[in-house]
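The values are calculated or read from the model by the stated rules, or taken from the named source; none is laboratory data. Because the structure is predicted, anything quoted here is derived from the model rather than measured. Backbone-built Cβ (ideal geometry, glycine too); neighbour counts: all protein chains shown. Just the protein is used for accessible areas: all its heavy atoms, side chains included, with ligands, DNA and RNA removed. Shrake-Rupley method; radii C 1.70, N 1.55, O 1.52, S 1.80 Å.
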Amino acid sequence: MNAIAEKSQLPALRSFDVSSVRSDFPILSRSVHDKPLVYLDSAASAQKPQPVIQAIKHQYEHEYANVHRGAYWLSETLTDKYEAARKAVRDFINARSDREIIFTKGATEAINLVAHSFGKNLGPNGEIVITELEHHSNIVPWQMLRTQTGVKLKVVPVTPEGDVTLEAIKAAVTTNTKLVAVAHVSNALGTILPIKEIAEVAHTAGARILIDGCQGIVHETVDVQDLDCDFYAFSGHKLYGPNGIGVLFGKESLLHDMPPYQGGGEMISSVSFDHTEWADLPAKFEAGTPPIVPAVGLGAAIKYISSFDRTGVARHEHDLMVYAMECLEAINSVRLVGTSKNKAAVIAFVVDGAHPHDVATILDRSGVCVRAGHHCAQPLMDSMGYPATLRASIGMYNTREEINALVGALEKAREILC
Ligand code: C6P
């Protein structure tokens, strides 16, 4: 079948309607502390729609076995589904080949894989450029690599609004730069980084680029060929999929030349006591029994997300973010943290005179879930002068009524604490 015929057979996209979306997420109809659940912590982990829950249940109830090992129907059936999930990821991010999609247990493992396998030969004269707003998962693996190899770590500062400018990137990247490792979207502030332009700067200097897409994949459409990124890492659980599954996209030529990350079953083509041959991609980087059912669940999540007109989803999230920021700014003593003009639906703020953890605990009594703390971005918090913030993060299922509930609960918290 040619591509046009294939396309014409695709089901029509679901237009975005938040109440119909909400009915797909069973947990959203529950209450907490006798109050309707208001879940505003999707950046920590998103809730799961019925098709994902059903896919997982179906696998364990009807089609469970190990993959790539059994010469029997159950194993072959699940192997096909596991590999279909890989194809779904490939199409979702427009990778060239299945061989470029490595399943990991999350974004953290994906970045560690690159640090371990690609990073080995970058020191002692090479430099890795990161930014001040990185998640610890895109800082600590490079620090560990620095200890092992002597590679230098350069940190690009953020502006007071929480932006990373191209000028600052250009100032940091030199011919010594071997890798630029940056977030697509900051999980702590919501800032969207100009990753396509950063990739160009990196490549012009002869460096590679890794994008930590853990937050970006949720809010942005990702085309790894158009971005021309060398590595793109993300987790399934923020993308409405299960936890325990993540993805490392890597350009095939790079992955081909990199040594394996872990040794064990699955990643070999032959083993003797004297010598072991690695398997081809992607198996070379998937040692041991992989996260089989989580991968199938991620495939179901991608199918679910892709069933929508994603511009409708993006518009909804953006409108809700703008509404929430306006409402929060209007509350006496609430200050927004991170006000980039280029921002995804993650809103950080503080309440003057109240500790974020205390505020979050009071919000919880009203059924409102937000995250409080350093959001695994301690260096960013330090540079912006906040030990902790509150963070409300919006998913495709959130509503204006829920933002109003947040505002009402915040007013209560202020009365108690300030
Ligand atoms: N951020 C948050 O509340 P894992 O834990 O491997 O699934 O993802 C790590 C990670 C890496 N990069 C970014 C930009 C992230 O946001 C995260 C996860 C969650 O913000 C949990 S700390």
Restricting attention to region 91-117, which residues are within 24 Å of Tyr304 (Cβ to Cβ), out of contact with any strand residue (DSSP E or B) (no Cβ under 8 Å at 6 or more places or on another chain) and buried (at least 21 other Cβ atoms within 10 Å of the Cβ)?
Phe92
Residues being of a type outside the set (Gly, Ala, Ser), within 16 Å of the ligand (Cβ to nearest atom) and part of a helix (DSSP H, G or I) - total across region 94-111
3
Filtering region 240-254 for residues that are more than 10 Å from the ligand (Cβ to nearest atom) and either touching a residue at least 40 places away in the same chain (Cβ under 8 Å) or farther than 18 Å from Pro282 by Cα (or both) leaves a count of 10
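Which residues, taken from region 316-341, are surrounded by fewer than 14 Cβ atoms within 10 Å (Cβ to Cβ) and either within 20 Å of the chain's Cα centre (by Cα) or of a type in the set (D, E, K, R) (or both)?
Let us first name the residues in region 316-341 that are surrounded by fewer than 14 Cβ atoms within 10 Å (Cβ to Cβ), namely 319, 322, 326, 329-330, 332-333, 341.
Of everything in region 316-341, those that are surrounded by fewer than 14 Cβ atoms within 10 Å (Cβ to Cβ) and either within 20 Å of the chain's Cα centre (by Cα) or of a type in the set (D, E, K, R) (or both) turn out to be Asp319, Glu326, Glu329, Lys341.
Looking only at region 64-80, filter to residues that are within 17 Å of Glu266 (Cβ to Cβ) and open to solvent by 70 Å² or more (accessible area, probe 1.4 Å); which one of those is farthest from the chain's Cα centre (by Cα)? Steps first, answer last, please.
Here is the first cut: in region 64-80, the residues within 17 Å of Glu266 (Cβ to Cβ) are 65-71, 75-76, 78-80.
Next, from what is left, pick out any that are open to solvent by 70 Å² or more (accessible area, probe 1.4 Å): 68-69, 71, 76, 80.
On the way: His68: 27, Arg69: 30, Ala71: 35, Glu76: 30, Asp80: 25 Å.
The selected residue is Ala71.
Looking at Ala168, Ala202, which one is open to solvent by 10 Å² or more (accessible area, probe 1.4 Å) and away from the ligand (no atom under 16 Å from the Cβ)?
Checking each option against the conditions leaves just Ala168.
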Of the residues in region 93-106, those that are over 10 Å from Gly250 (Cα atoms), in contact with a Lys or Arg (Cβ under 9 Å, 6 or more places away or on another chain) and of a type in the set (A, V, I, L, M, F, W, C) number 1
Does any residue in region 24-49 that is on the phi < 0 side of the Ramachandran plot come within less than 6 Å, Cβ to Cβ, of a residue that is within 16 Å of the ligand (Cβ to nearest atom) and among the charged types (D, E, K, R) six or more places away or on a different chain, and which pairs are these?
Asp41/Arg371; Ala44/Arg371; Ala46/Lys238
Among Leu406, Leu380, which is the only one that is within 16 Å of the ligand (Cβ to nearest atom), crowded, with 22+ Cβ neighbours inside 10 Å, assigned to a helix (DSSP H, G or I) and modelled with pLDDT of 95 or more?
Leu380
State which residue is most open to solvent (accessible area, probe 1.4 Å) when the search covers only region 18-31 and only residues that are closer than 16 Å to Glu401 by Cβ and of a type in the set (A, V, I, L, M).
Val18
Identity of the residue in region 32-63, open to solvent by 60 Å² or more (accessible area, probe 1.4 Å) and assigned to a strand (DSSP E or B), that ends up nearest to Met396 (Cα to Cα)
Pro36
For region 113-144, which positions are outside any loop (DSSP other than H, G, I, E, B), within 15 Å of the ligand (Cβ to nearest atom) and under 15 Å from Val173 (Cα atoms)?
Ile130, Thr131
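So is Val293 in contact with a Ser or Thr (Cβ under 8 Å, 6 or more places away or on another chain), open to solvent by less than 10 Å² (accessible area, probe 1.4 Å) and within 25 Å of His58 (Cα to Cα) or not? Don't jump to the end; show me each part of the working.
On the way: in contact with a Ser or Thr (Cβ under 8 Å, 6 or more places away or on another chain): no; open to solvent by less than 10 Å² (accessible area, probe 1.4 Å): yes; within 25 Å of His58 (Cα to Cα): yes.
So Val293 fails the test.
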